[in-house]
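Scroll down for the structure; my scribbles are underneath it.
The values are calculated or read from the model by the stated rules, or taken from the named source; none is laboratory data. This structure is a prediction, so every number in the text was calculated from the model and none was measured. Note: ideal-geometry Cβ built from the backbone for every residue, glycine included; neighbour counts use all protein chains shown. Side chains are part of the model used for accessible areas, which takes the heavy atoms of the whole protein and leaves out ligands, DNA and RNA. Shrake-Rupley method; radii C 1.70, N 1.55, O 1.52, S 1.80 Å.
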Amino acid sequence: MKMMTLAKRGLLTAVSSMAAVAAYAQEAPDFGELEIIGAPHASGVGFQEAGTNLATQIHRLDGMLLIIITAITLLVMGLLAWVILRFNSRANKNPATFTHNSPLEITWTIVPIVILVFIGAFSLPVLFDQQEIPEGDIHVKVTGYQWYWSYEYTDEEIYFESRLIGTGQGNLNDEIIANLEAAGYSEDEWLLATDNAVILPVGATVVMDVTGSDVIHSWTIPAFGVKQDAVPGRLAQLWFAPEKEGIYFGQCSELCGKDHAYMPITVKVVSQEDYDAWLEYAREEFPA
């Protein structure tokens, strides 16, 4: 009888230990205070801070194009003003009767060609860099639904769904604020934050396969310089390599129904050590 009691105690102790280990293993890792980098700002008129080299290239190209467009606009406006003042009926009593000016026509044909070739020489490498998918360190399959996202880490057999914290159909209330704070956000991140974020290590090359399950969606992170339509029945790809730890937000960027505005994207870029800890947690919490 005593041996049976000891055996039962031993079994209970073993079961309790296993339960404690399981509970410990499923505890979500703490990433500390991650800086919110990729987020929209009130009255903002420029780009979000670049979080990848792709975004940096896009920002530089945009700056160069803005200079060219501004110069062309000022030139055209100046020519229009000069023609209006110089060749109006008061200043030019006897208008000329010629119909051609070959040097001028050659000039306004060649100059635009040179400008377009110059722009192409800088823009095409940026485009090729976006479209040439490298060998990824991490592969994630992204599927758009009405109106949330799912993510599958195909190399790790991890799968989870990501939904808006709170609801976009009502006003911000105490319950939504409490849910945001429990997830590590503030009320400023309402309509941006999701219950489950995509976790990625800084510096890794990430390749994403993007598709849709019902209608066309679009997976977009402005700070990463990526945007890819999620088309049902088709598999498209994008890639990026995050350069700085932090939290980045995006939104579905293709009109997909009544709750289109309420399917945000959250990506947390963490250290390799924190990412490895999250993988251990996610394998148990989000098995594919």
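So if we plug the beta-carbon distance of residue 75 and residue 43 into 1/(1 + (r/R0)^6) with R0 = 22 Å, what FRET efficiency do we get, rounded to 0.05?
Between residue 75 and residue 43 the formula returns 0.10.
Per the Debye formula with a single identical scatterer at each Cα and no solvent contribution, what log10 I(q)/I(0) holds for segment 162-256 at q = 0.11 Å⁻¹? Log10 I(q)/I(0), no solvent term: -0.39. Backbone amide hydrogens, once placed in the peptide plane, bring residue 149 within less than 5 Å of 162, excluding anything fewer than 5 places away on its chain.
Loop exposure criterion: GluC sites (Glu not before Pro), DSSP state outside H, G, I, E and B, at most 12 other Cβ atoms within 10 Å. Applied to the chain, the longest stretch between such sites is 158-288. Axis of helix 53-86 versus longest Cα principal axis of the chain: the two differ by about 20°, to the nearest ten degrees. Between helix 102-131 and the chain there is an angle of about 10 degrees, using the helix long axis and the longest principal axis of the Cα atoms. Length gained on full extension, residue 156 to residue 195, computed as 0.36 nm times the residue gap minus the Cα-Cα distance: 12.0 nm.
Where the accessible area of segment 116-159 is counted over protein heavy atoms with a 1.4 Å probe, how much of it, in %, is carbon and sulfur?
Working: 1410 of 2540 Å².
Its accessible area is 56 percent carbon and sulfur atoms.
Among all the aspartates and glutamates, which ones have a C-alpha under 15 Å from residue 141's C-alpha, if same-chain residues fewer than 8 places away are not counted? Residue 141 reaches 152, 155, 156, 157, 161, 209, 229. Compute the longest continuous run of the chain that contains no exposed trypsin sites (Lys or Arg not before Pro); treat a site as exposed when its DSSP state is not H, G, I, E or B and it has at most 15 other Cβ atoms within 10 Å. Looking at the chain, 94-233 is the longest stretch - no exposed trypsin sites (Lys or Arg not before Pro) with at most 15 other Cβ atoms within 10 Å. In terms of its Cα atoms, segment 130-180 spans 45, 24, 18 Å along the principal axes, sorted from long to short. Site pair residue 36 and residue 182 shows an inter-label distance of 1.9 nm when each label is modelled 7 Å from Cα along Cα→Cβ. For the pair residue 83 and residue 118, the difference between a 0.36 nm per residue extended length and the Cα-Cα distance amounts to 9.7 nm.
Sticking with the crude label model, points 7 Å out along Cα→Cβ, report the distance from residue 102 to residue 131 in nm, one decimal please. Distance between the two pseudo-spin positions: 4.0 nm.
With a 10 Å cut-off between alpha carbons and a GNM built on the chain, which of 34, 200, 124 moves the most? Sorting by GNM fluctuation, first place goes to 124.
Only protein atoms count toward the accessible area here, which uses a 1.4 Å probe; on segment 207-246, the carbon and sulfur part of that area reaches 50 percent. In units of the rule-of-thumb radius 2.2 N^0.38 Å, the chain shows an alpha carbon radius of gyration of 1.49.
Phi angles of segment 249-261 translate, via the Karplus equation with coefficients 6.51, -1.76, 1.60 and θ = phi - 60°, into HN-Hα couplings of 10, x, 9, 4, 10, 9, 4, 10, x, 5, 9, 3, 6 Hz per residue; Gly and Pro are given as x. Extending 7 Å from the Cα toward the beta-carbon at both residue 64 and residue 235 defines two label points whose distance is 3.5 nm. Here the relative contact order of the chain, from alpha carbon pairs under 8 Å that lie six or more residues apart, stands at 24 percent.
Put 281, 153 in order of accessible area, largest first, 1.4 Å probe: what do you get?
281, 153
Over every Cα atom in segment 213-256, the radius of gyration and the widest Cα-Cα span, Dmax, amount to 11.7, 34 Å. Per residue, the solvent-accessible area of the chain (1.4 Å probe, heavy atoms of protein chains only, all protein chains present) comes to 61 Å².
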